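Enquirer: Okay, handing you the structure first.
The values are calculated or read from the model by the stated rules, or taken from the named source; none is laboratory data. Fair warning: this is a prediction, and the values are worked out from it, not measured in the lab. Cβ placement follows ideal geometry from the backbone for every residue including glycine, while neighbour counts extend to all protein chains displayed.
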Amino acid sequence: MAAIDDLITNEYARFLIILIGTIIVVTLSYFILKVIVKRIAGRKKSYGEFILKQLSKPVLLLIFFIGLYTALKALSIFYEYTSWITGVFFVIVTLIVALLVARILTVLMVGYLKVRKGFERPPKLLNKAVSIIIFIIALVVILGYFQIDITPLVAGVGLGALAIGLALQSTLSNFFAGLHLVSDKPIRVGDFIEVEEISGFVEDIGWRSTRITTLQNNYVIIPNGKLAETIIVNNSLPELDMKIFVPCGVAYESDLKKVEEVTLDVAKKIQQTVPGATRGFEPLFRYRKFGDSNIDFTAILKVEQPMDQFPVQHEFIKALKARFDKEGIEISWPIRKVYTMK
């Protein structure tokens, strides 16, 4: 019994006990947090993994540094450095808490926006803006702890911000343009857009630029300022489904009424059978003009998503050509009549 008392009273033994206990608590906390997150997320496995990834690191770091601080205070060799150690740990813990708060707000914001139309994939610019605000508050708290007067610092920061603002005018313009894109929502993450002969999906709206993934699976990086001033065709708004216009033409000798009936019949079958075509939509047919060799027309179909236009159009052209051949409807080659003077 005396040996146990000596072990407990020994400061180094207390240090090791507290440190080992902290490591055990950190390990148990991870599994407890994992269970809690799983219950909160329910069947949304990907969202649960996102929550665990966001919160586990700052929570475990916070527990570890609190335990380490408690363990170091048990050692007499650090008594004369107590105020210095306390200051260092205050800074570390404050930054970790700021990180934890920022990530909690991110999780709540993502969870809230995911159920709102248009924000199923929230832009990362929102997360970064929230993090910047939280860490600025944390910096003010740290300066207040060390009793540093922030009035001259604010004045200096104001002058510095003016100089930096002039030097980084383009970058700040892109940043505020990004905030405008997020708040005004002309485009959203995941939308299929066309910008200056570039078409693709909006991958992310960053603090400086917007990334677009093209159909060739390449990134196109467009500065937010330029994107905000450019004419954008958003194929995902106001609704995700879209109409596609398939141009064609038939010979002048064709029975135009029969051509219309055959084309609409083929279009209706494609509309009801091909994956990606909008069920229940009635295809449209419109003659457009007298062309050089054909009477041109346009068939109008509808697809559920912008990317569906390609397989639907592909199947429609194949089926229409086969049906025209069967019905004896001709699509003429370009013809030129040449008259010679005798």
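Enquirer: Could you tell me which residue of the range 125-140 is modelled with the highest pLDDT, considering only residues that are buried (at least 16 other Cβ atoms within 10 Å of the Cβ) and either in contact with an Asp or Glu (Cβ under 6 Å, 6 or more places away or on another chain) or among the β-branched types (Val, Ile, Thr) (or both)?
Expert: Within the range 125-140, the match that is modelled with the highest pLDDT is Ile134.
Enquirer: Oh, and also: Give me the pairs: first residue in the range 270-294 and touching a residue at least 40 places away in the same chain (Cβ under 8 Å) and in the same structural domain as Val312 (by TED's automatic domain parsing), second residue surrounded by 11 or more Cβ atoms within 10 Å (Cβ to Cβ) and among the charged types (D, E, K, R), beta-carbon distance under 6 Å, and six or more apart or on different chains, which are they?
Expert: If the second residue must be surrounded by 11 or more Cβ atoms within 10 Å (Cβ to Cβ) and among the charged types (D, E, K, R), the pairs left are Ile270/Glu315; Val274/Glu315; Arg288/Asp296.
Enquirer: Within the range 220-242, is there a residue that is touching a Lys or Arg at 6+ places or on another chain (Cβ under 8 Å), under 30 Å from Ile331 (Cβ atoms) and outside any loop (DSSP other than H, G, I, E, B)?
Expert: yes
Enquirer: Does Phe290 qualify as being farther than 25 Å from Glu196 by Cα and surrounded by 16 or more Cβ atoms within 10 Å (Cβ to Cβ)?
Expert: For Phe290, the condition - farther than 25 Å from Glu196 by Cα and surrounded by 16 or more Cβ atoms within 10 Å (Cβ to Cβ) - is not met.
Enquirer: Any idea which of Tyr69, Tyr81 is aromatic (Phe, Trp, Tyr), within 16 Å of Ile18 (Cβ to Cβ) and in the same structural domain as Ala129 (by TED's automatic domain parsing)?
Expert: Step by step, each of Tyr69, Tyr81 is checked, and only Tyr69 is aromatic (Phe, Trp, Tyr), within 16 Å of Ile18 (Cβ to Cβ) and in the same structural domain as Ala129 (by TED's automatic domain parsing).
Enquirer: I've got another one for you. When you scan the range 231-254, how many residues do you find that are over 29 Å from Pro186 (Cα atoms) and exposed (fewer than 13 other Cβ atoms within 10 Å of the Cβ)?
Expert: Selection size over the range 231-254: 2.
Enquirer: Of the conditions (1) of a type in the set (Asp, Glu); (2) farther than 15 Å from Leu264 by Cα; (3) not in a helix (DSSP H, G or I), Asp325 fails just one. Which one is it?
Expert: Against the list (1) of a type in the set (Asp, Glu); (2) farther than 15 Å from Leu264 by Cα; (3) not in a helix (DSSP H, G or I), Asp325 comes up short only on (3).
Enquirer: Is the range 247-255 home to any residue that is touching a residue at least 40 places away in the same chain (Cβ under 8 Å), part of a strand (DSSP E or B) and aromatic (Phe, Trp, Tyr)?
Expert: No.
Enquirer: Also, I was wondering about something else. Looking at Val312, Val266, which is the one that is in contact with a strand residue (DSSP E or B) (Cβ under 6 Å, 6 or more places away or on another chain), in a helix (DSSP H, G or I) and surrounded by 15 or more Cβ atoms within 10 Å (Cβ to Cβ)?
Expert: Only one candidate qualifies: Val312.
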